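The values are calculated or read from the model by the stated rules, or taken from the named source; none is laboratory data. Computed from a predicted structure; not experimentally measured. We place every Cβ from the backbone using ideal geometry, glycine too, and count neighbours over all the protein chains shown.
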């Protein structure tokens, strides 16, 4: 109970309330969801450029390259999806090309891989929004990632124990990771039985459990990877836009791997 009353926890809750209008938009309007997704993508790209601590000129160049190539390409691929062609290979090639181009500028392997994941994440999200019920799929993914993150935070602080990756993120524990996985499985099962937004799991309990585990593991891996970049760059948060959470990248790093995985699942099933 003491954890819930701590000022830092209250601040995180207030920050989370900011996303209620975004959640409502994803529920009721795919068109609004698409614009919100693009706006969030630009904010994350801007935060990443700032986090690299490059010169202002290089930061502006990276953001311009990202805007001119990645986002229009994602819109083009969405049109192809509506025509029945998902263009997954093209998406991977485009992401690889932009990643190599950016990598030649920043000269940091980990940061270059992060750029690739960010681009792949954004393209996957845009493509998912082009599918029937895609905005509901993203909402379902957001629910599972959120319950995983919340459970990992509270279980980790309450139970404690061995650190998950002390050299990367000293505050994360194995107990928190396990709690996050369990919560994600429960969340996936709830979606299976309450609302039909996770149709890629074939409406079977075993697939719901599998999806929950995979999403939880990938979400926490994305979180750790962003923590690695921040530690290498000597920054605590990617930004200060969200009270108690840091920047957009700090809040949405769990989607770096889960969004591409969800998109691939939709194509496979």
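Pairing residues of segment 164-182 that are within 12 Å of residue 153 (Cβ to Cβ) with residues that are in a strand (DSSP E or B) and modelled with pLDDT under 95, at Cβ distances under 8 Å and at least 6 apart in sequence or on separate chains, gives 172/163; 172/164; 172/165; 173/163; 173/164; 176/164; 177/164. Of the helices (runs of 4 or more DSSP H) lying entirely inside segment 77-160, those containing at least 1 residues that are surrounded by fewer than 20 Cβ atoms within 10 Å (Cβ to Cβ) and at pLDDT 70 or above are 134-159. The test for being at pLDDT 85 or above, over 14 Å from residue 259 (Cα atoms) and not in a loop (DSSP other than H, G, I, E, B) holds for residue 182.
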